[in-house]
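To start, the structure under review is shown below, and the notes come after it.
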Amino acid sequence: MPGRELHSEINRRTFVCSAALPALCAGVAFAASSSRREAQYYEKLPNQKIRCKLCPRECVIDDRERGYCGVRENEKGTYYTLVHSRPCSVHVDPIEKKPLFHFYPGTLAFSLATAGCNVNCKFCQNWEISQARPEQVRSAEMTPNQVAALARENECVSIAYTYSEPVVFYEYVYDTAVAGKAQGVKSVVISNGYIQDEPLRRLCGQVEAIKIDLKAFSEKFYREVVNGELKPVLQSLVTIQKQKTWLEIVYLVIPTLNDSDQELRALSQWIQRELGPDVPIHFTRFHPQYLLKNLPVTPLATLERAKKIADAEGLHYAYIGNVPGHPAENTYCPRCHEPVVERTAFMIRKTSLRNGTCAKCAAPIAGRWNKG
């Protein structure tokens, strides 16, 4: 199998439902095993082998073996997803938690994940599910139509595919986005961006926003810390922007690994040149976890330095994340510099927007905003 050994601490996990929402999972059946449905984006090869065409790995998979992600399996030359309609984690979150700061602020997102991921970040905060196989987590049976209905019942403006990696449960994401749209619920994808161009373009036609976790701006980091490549992620960012799907970027600033002035400046210049100044970037604080516990928490001064570099390179919306109460959680008008959305952590304290423009100077503020 073109995969990797799973972390030894992973055992069967409990399906997660928010205690504050006792009705959230009412009527949902729990499944002991994974769902099988034919996957999209693969090609058949001789001797019942297949080549996956969903992500840049292009795993070549023998009969009865799985791809790197662990959630897609070849059976006699037909490729199956094992996680369609089988979320292992479901919550209702504020949209700011994703974080998406320019997408209907103050609204709720019905958030779900399945097992699996197509990279192996040494700092992953959700490794219990992202590095697990479907049979190692307890999952619910929740169809796309059920997800859309539950989102509406819980007054969620959007469905968020998050926590692990939506690319590996692509078919479930796509079908649920279609079902949500039919019921008036938007979809947002929280992803590492490690996906081929064709499936990404198709997905952009069904979802309203995508947030990409850009892990670093060097191939060395991606090779050694993520077990992936930077170039396909940059291509995904360009594709999303060209498709006019709302885009935000998170950059987790890790001391000594991706926090040099040179790297941060090159990143900011690339965003300005390839995506434009209106794409928000969130510089977030690292906390040691999973396989990267030997480094300190990101100093506040480092985060402020990253924001200063982005500002100097002309980016309009550079934020500091995981530092509740910091002024750089707010959105400021790029023309008059007045705050237009004031936040503390995931809470909106005040908005000064009028139909997506600054209430003081009427400058347009990039994003997807509530009317009024």
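Taking the DSSP beta bridges with both ends in the chain, the antiparallel portion is around 50 percent. Here the average projected area of the convex hull drawn through the C-alpha atoms of the range 253-372 stands at 8.1 nm². Ranked for footprinting exposure by Cβ neighbours inside 10 Å, fewest first, 89, 130 give 89, 130. Residue separation of residue 201 and residue 229 scaled by 0.36 nm, minus their Cα-Cα distance, works out to 8.1 nm of gained length.
Taking a ≥ b ≥ c as the square roots of the eigenvalues of the Cα gyration tensor of the chain, is the shape rounded (a/c under 1.5), prolate (a/b larger than b/c) or oblate? Cα axes put the chain in the prolate bin. The spacing between the range 226-260 and the range 193-219, judged by their C-alpha centroids, is 9 Å.
Can you give the % of DSSP beta bridges in the range 202-305 that are antiparallel, to the nearest 5? All intermediate terms of the calculation are to be shown ahead of the outcome.
Numbers: 1 of 11 bridges.
Looking only at bridges with both residues in the range 202-305, the antiparallel portion is about 10 percent.
Extending 7 Å from the Cα toward the beta-carbon at both residue 357 and residue 292 defines two label points whose distance is 4.3 nm.
Potential lengthening of the chain between residue 312 and residue 300 amounts to 2.5 nm, from the contour at 0.36 nm per residue minus the alpha-carbon distance.
Mean sequence separation of contacting Cα pairs (under 8 Å, at least six apart), scaled by the length of the range 333-372, corresponds to a relative contact order of 34 percent.
In this model, which of 97/350; 242/307; 122/242; 98/350; 44/231; 44/215 are farther than 22 Å apart at the alpha-carbon? Listed pairs above 22 Å: 242/307; 122/242; 44/231; 44/215. Our summary gives the chain a relative contact order of 13 percent, counting only alpha carbon pairs under 8 angstrom and 6 or more residues apart.
At full extension, residue 153 and residue 51 could sit 32.7 nm farther apart than now, given 0.36 nm per residue minus the alpha carbon distance. Among the trypsin sites (Lys or Arg not before Pro) found in the range 58-119, those both in a DSSP coil and sparsely packed, with 10 or fewer other Cβ atoms within 10 Å of their Cβ, are 76.
May I ask you to work out the translational diffusion coefficient for the range 333-372 at 10 °C, viscosity 1.306 mPa s, via Stokes-Einstein with Rh from the Kirkwood sum over Cα pairs, reported in whole µm²/s? Estimated diffusion coefficient is 154 µm²/s.
Coordinate-derived values only; no laboratory data. No experiment lies behind these values; they were computed from the predicted model shown. A quick note on method: Cβ atoms are made from the backbone with ideal geometry, for glycine too, and the neighbour counts reach across all protein chains shown.
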